[in-house]
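Novice: What follows is a structure written as structure tokens; I'll ask about it next.
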Amino acid sequence: MKTLSAFFLALLIGLPTSAQNFRQLRDVKVNETSLDLSKTNCTVIPRNAMHSRYRLRSLVLPLQLDSVGSQAFFACKGIGGRLRFPATTRVIEASAFNGCSKLRELSFEGTTRLAPFAFANCSGLRTVRLSALVPPACADNAFDGIDLRRVELIVPERARKDYRRAPGWRHFFAKKETANVCCPEEILVPQPLTLEVFPEETFEEAAESSGKRKRIRHRPLTWAEVIGVEAPQELNNEKLQAERILAERTAYMKVRRKTGPTIQLQLDASLPNDEAYTLDISKKGVVLKGKTAAGVFRGLMTLEQLCIGNGTGVRSEKIPALHIADQPRTPIRELMVDPVRHFIPFADLKAFVVEMARYKYNALHLHLVDDQGWRIEIKKYPQLTQKASDRVGMDDMPERISGFYTQAQMRELVRFAAQYHVMIIPEIELPGHEVAAVHCFPQLSCAKKTVPIRLTCGVSNELLCPAEPFVYEFLDNVLTELADVFPAPYVHLGGDEAGQPPLGAWSDCPACQELKRKEGYMENWQLQQYLFDRVIDRLKALKKTPMYWYEQEFKTIQPGCVVYAWRHGLTKTAIDAAVRNKAQIMLCPGEHCYLDYPQQRGDMPEVNWGMPVTTLQQTYRLDPAWGQDSTFVRENLLGVSGTLWSECINSTERIYYQAFPRAAALAEAGWSYPSRRNYTDFLRRLRPLTDDQQRRGIAVNLSEGLTKE
Ligand code: ACM
Ligand code: ZN
């Protein structure tokens with residue numbers, strides 16, 4: 001077992017403990033498996049200190065420990081054995097050890113307060129010892145997700161009675177659940193277009209035909225009475241989803257009864273939009289109608305959130321009668337992930353789709369190619385993944401980062417995501433961010449020299465050469481295979497950051513200069529246009545709509561293309577270009593939508609090359625219409641995108657940490673109409689959802705008022 005070197009321990013001895021020191025331990029000393037803090041004078045272990053360090057096997061806490069910050073050891077799945085919390089330990093914050101599934105024993109020598117989900121999902125736990133005579137404050141869900149019948153709680157004999165009654169600790173004796181109460185106004189994200197809740201009191205209403213008054217009472221739906229789901233054949237997938245929700249989230253029991261409330265899933269062509277749906281709940285059951293299966297599915301995600309109720313984790317018993325009519329404001333709500341800089345295991349991609357779908361996202365954009373690697377199998381060019389999908393190091397992180405997706409896996413992802421009505425949009429980059437391809441095929445670049453795979457972030461000057469015939473042959477073959485694997489109508493072509501200065505490399509290339517002369521071009525952007533025109537023609541022949549990151553170097557946008565407004569401060573410029581060229585636009589301005597940026601000062605990722613802080617509120621504030629008129633919304637606005645570039649994100653848990661809850665805020669920006677949006681209200685609705693996420697062991701950033709007990 002490798003133990004932390006003297007140098008890194010010295011960082012902690014005699015120095016005030018800082019997040020920076022722990023950043024070194026977590027991200028730079030990635031191959032260490034043991035962390036012994038007993039010889040340091042560290043007292044505060046900051047939040048996220050060792051977040052998702054799977055390789056850590058043993059941990060010894062400081063002798064003068066004061067506190068452990070939220071998610072400090074989140075998903076440190078390898079830490080085994082016993083943890084001793086000295087009498088000085090005041091508090092273990094939310095989700096600090098959530099998911100440490102190999103921990104066997106905890107021992108508290110003082111009155112340490114345990115925050116929500118502090119030890120949730122520590123499923124290997126067998127013993128918890130406390131010496132305090134008065135039970136320390138413990139959140140009722142501190143040990144959520146653990147079968148506590150398998151855990152022995154050892155407390156002083158004379159205090160046993162008090163522990164039996166104390167919040168949090170009482171569950172070790174017999175699990176007493178808090179009721180799951182559903183207040184529909186306090187749970188849904190994104191907020192639906194209309195929501196009418198019918199309280200249970202009795203009232204009178206004029207009967208339609210006779211004019212006489214009749215007594216009406218809106219009773220809630222009782223899940224235990226529900227007999228099942230009914231749906232036409234076309235909604236078979238949605239029927240399975242509805243049955244899953246019933247089984248996982250409600251008190252429904254599968255018993256054979258002939259009569260009782262049902263869940264009816266139906267198609268209704270009169271609805272205004274493919275994703276539009278209506279949801280009616282009454283004592284008689286649920287009627288969910290969508291214009292398409294996608295609409296029905298979005299409605300099911302609403303139903304599932306309603307079942308989360310107040311977020312206690314108990315299955316929903318009842319749902320009040322209600323009516324919802326809902327539809328999205330923008331057609332595409334996507335998240336983009338980057339498996340190039342840090343690879344994302346295939347199974348984790350699938351799991352991410354499930355989380356996105358909860359917030360009604362309908363696209364996952366995969367950034368498959370960049371300077372640091374090539375991550376998609378291309379059958380015509382096996383060299384790409386043989387030579388460019390395995391590297392050691394990303395900036396100062398010396399870890400081995402390898403892997404690629406086979407076409408068979410991508411087809412499986414497409415099928416899987418389709419069950420959640422999420423399409424997969426592939427991206428390959430041109431003409432920049434292509435070092436991995438050039439590494440395999442030097443002929444693609446102007447210099448025709450072999451270059452190493454890039455190990456650092458930043459912008460490379462190694463560009464595809466628009467004067468090189470093989471470039472077109474290569475892209476043609478790659479795009480043809482991609483078009484076959486990914487049925488989505490879109491293919492993203494990159495287009496961003498093509499050298500520094502932009503497109504400058506082409507000025508040094510005789511072939512490029514010759515092409516310019518031949519075509520009568522004066523400037524390099526015309527070469528870019530030439531390259532894109534040829535590739536776009538090919539994509540159109542493949543029946544795909546091209547997308548690309550908008551840069552000012554694009555002087556025109558080809559008809560039928562979609563551009564992404566991403567650069568901080570240049571959104572209006574990109575919008576003007578889209579309007580001028582009658583193009584569609586996705587909004588992902590860095591100020592709101594770059595979810596790889598830290599959510600608060602000092603937060604992960606602590607390394608910073610000038611990334612601004614993007615708070616939850618800042619993400620929420622995105623106006624997808626950017627203040628433009630309804631013509632822009634109708635003619636040009638395609639949707640919103642949240643990016644999760646992975647230069648600094650080195651685990652799947654950290655993708656979730658960066659994404660959520662800001663992705664929930666962005667989903668509401670993309671889905672909900674402005675009249676329905678309010679930040680304070682959003683925060684209130686979000687809380688049960690982030691509780692649910694922690695309960696399921698999924699990382700979430702809690703820095704903005706989401707940790708209160
Ligand atoms: C980008 O962030 N380079 C699109
Ligand atoms: Zn060239």
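Novice: Of everything in the range 109-136, what is closer than 15 Å to ARG90 by Cα and open to solvent by 60 Å² or more (accessible area, probe 1.4 Å)? Give them in sequence order.
Specialist: Result: GLU109, THR111, ARG113, SER131, VAL134.
Novice: Let me ask something else about it. Considering only the range 657-677, I want to know if a residue exists there that is open to solvent by less than 10 Å² (accessible area, probe 1.4 Å) and over 17 Å from the mean Cα position of the chain (by Cα).
Specialist: Yes; the residues of the range 657-677 include at least one that is open to solvent by less than 10 Å² (accessible area, probe 1.4 Å) and over 17 Å from the mean Cα position of the chain (by Cα).
Novice: Could you say whether any residue in the range 60-67 is out of contact with any strand residue (DSSP E or B) (no Cβ under 8 Å at 6 or more places or on another chain), farther than 28 Å from ILE649 by Cα and modelled with pLDDT of 95 or more?
Specialist: Keep residues of the range 60-67 that are out of contact with any strand residue (DSSP E or B) (no Cβ under 8 Å at 6 or more places or on another chain), which gives 63-64.
Now restrict to residues that are farther than 28 Å from ILE649 by Cα: 63-64.
Those left that are additionally modelled with pLDDT of 95 or more: 63-64.
Yes, the conditions are met somewhere in the range 60-67.
Novice: Return a yes/no flag: does the range 434-452 have any residue that is of a type in the set (D, E, K, R), within 16 Å of ligand 2 (Cβ to nearest atom), within 22 Å of SER389 (Cβ to Cβ) and in a loop (DSSP other than H, G, I, E, B).
Specialist: Yes - at least one qualifying residue is present in the range 434-452.
Novice: Moving on to the next point. Restricting to the range 599-623, what's the tally of residues that are aromatic (Phe, Trp, Tyr) and open to solvent by 50 Å² or more (accessible area, probe 1.4 Å)?
Specialist: Qualifying residue count for the region: 1.
Novice: Could you tell me whether the range 569-590 includes any residue that is outside any helix (DSSP H, G or I), buried (at least 16 other Cβ atoms within 10 Å of the Cβ) and within 16 Å of ligand 2 (Cβ to nearest atom)?
Specialist: Looking for residues that are outside any helix (DSSP H, G or I), buried (at least 16 other Cβ atoms within 10 Å of the Cβ) and within 16 Å of ligand 2 (Cβ to nearest atom), one finds none in the range 569-590, hence no.
Novice: Out of GLU462, GLU481, which single residue is closer than 23 Å to ARG538 by Cβ, among the acidic types (Asp, Glu), within 16 Å of ligand 1 (Cβ to nearest atom) and open to solvent by 10 Å² or more (accessible area, probe 1.4 Å)?
Specialist: GLU462
Novice: Does ARG249 fit the bill of being open to solvent by 20 Å² or more (accessible area, probe 1.4 Å) and either over 30 Å from PHE660 (Cβ atoms) or among the hydrophobic types (A, V, I, L, M, F, W, C) (or both)?
Specialist: In short, no.
Novice: Let me ask something else about it. Any residue in the range 673-688 that's under 18 Å from SER630 (Cα atoms): show its pairings with residues that are outside any helix (DSSP H, G or I) and open to solvent by 40 Å² or more (accessible area, probe 1.4 Å) at Cβ separation under 7 Å, as long as the two are six or more apart or on different chains.
Specialist: Listed pairs, sorted by first residue: TYR673/LEU193; TYR673/ARG329; ARG676/LEU193.
Novice: Show the residue pairs that are 6+ apart or on different chains and have beta-carbon atoms under 9 Å apart, the first residue being within the range 327-351 and within 18 Å of HIS433 (Cβ to Cβ), the second being open to solvent by 40 Å² or more (accessible area, probe 1.4 Å) and polar (S, T, N, Q).
Specialist: Close Cβ pairs satisfying both conditions: PHE343/SER402.
Novice: Select from the range 533-556 the residues that are at negative phi, modelled with pLDDT of 95 or more and away from ligand 1 (no atom under 16 Å from the Cβ) and list them in ascending order.
Specialist: Hits for the range 533-556 are ASP533, ARG534, VAL535, ILE536, ASP537, ARG538, LEU539, LYS540, ALA541, LEU542, LYS544, THR545.
Novice: What is the residue count in the range 629-639 for residues that are surrounded by fewer than 19 Cβ atoms within 10 Å (Cβ to Cβ) and closer than 17 Å to THR573 by Cβ?
Specialist: 1
Novice: Answer yes or no as to whether GLY494 is open to solvent by 20 Å² or more (accessible area, probe 1.4 Å) and within 16 Å of ligand 1 (Cβ to nearest atom).
Specialist: So GLY494 fails the test.
The values are calculated or read from the model by the stated rules, or taken from the named source; none is laboratory data. This structure is a prediction, so every number in the text was calculated from the model and none was measured. Glycine gets a Cβ as well: all are built from the backbone with ideal geometry, and neighbour counts include every protein chain shown. When the accessible area is computed, the model is the full protein with side chains, heavy atoms only, and any ligands, DNA or RNA have been set aside. Shrake-Rupley method; radii C 1.70, N 1.55, O 1.52, S 1.80 Å.
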